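A.B. asks: My questions all concern the structure below.
The values are calculated or read from the model by the stated rules, or taken from the named source; none is laboratory data. Computed from a predicted model, the values in this text were never measured in an experiment. Note that each Cβ is placed from the backbone with ideal geometry, even for glycine, and that neighbours are counted across all protein chains shown. Note: accessible area is taken over every heavy atom of the protein model, side chains too, but ligands, DNA and RNA are not part of it. Shrake-Rupley method; radii C 1.70, N 1.55, O 1.52, S 1.80 Å.
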Amino acid sequence: MRTTLTLDADVAALLEKAQASGNKTFKETVNAALRLGLLKMMAAPEARRPFRTRILPTGPRAVADISNTAEILSLVEREDYR
């Protein structure tokens, strides 16, 4: 297949560098780069291990019910709540 490509300057420089180091024609270098890039783009993403947070013991709680805002505020403000 014949087609015309307009390459960005940085891409053209990379292709020329790859061509010089591989002793291949420009056509072979472009085809190899496109092949690798397209295969990587179409590949399924790598499976990642789910992140787990370790639970550490924190000792006894200062308040019995953390939903009791008044008790927490009195503890922080050092007031006698009860």
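A.B. asks: Select one label from (i) 1.65; (ii) 1.38; (iii) 2.67: the one whose number is Cα Rg over 2.2 N^0.38 Å as derived from the coordinates shown.
C.D. replies: Only one option fits the structure, namely (iii).
A.B. asks: Follow-up. For the full complex of protein chains and a 1.4 angstrom probe, list 41, 1 by accessible area with the highest value first.
C.D. replies: 1, 41
A.B. asks: I'd like to know which of 39, 70, 23 lies farthest towards the positive end of the charge dipole of the chain, counting +1 on Cβ of Lys and Arg and -1 on Cβ of Asp and Glu.
C.D. replies: 23
A.B. asks: Based on Cβ point charges of +1 for Lys and Arg and -1 for Asp and Glu, what charge dipole magnitude is obtained for the range 13-82 about its Cα centre, in debye rounded to the nearest 20?
C.D. replies: Roughly 720 debye, rounded to the nearest 20.
A.B. asks: Any idea how far the Cα center of the range 41-82 sits from the one of the range 2-28, in Å?
C.D. replies: Between the Cα centres of the range 41-82 and the range 2-28 lies a distance of 55 Å.
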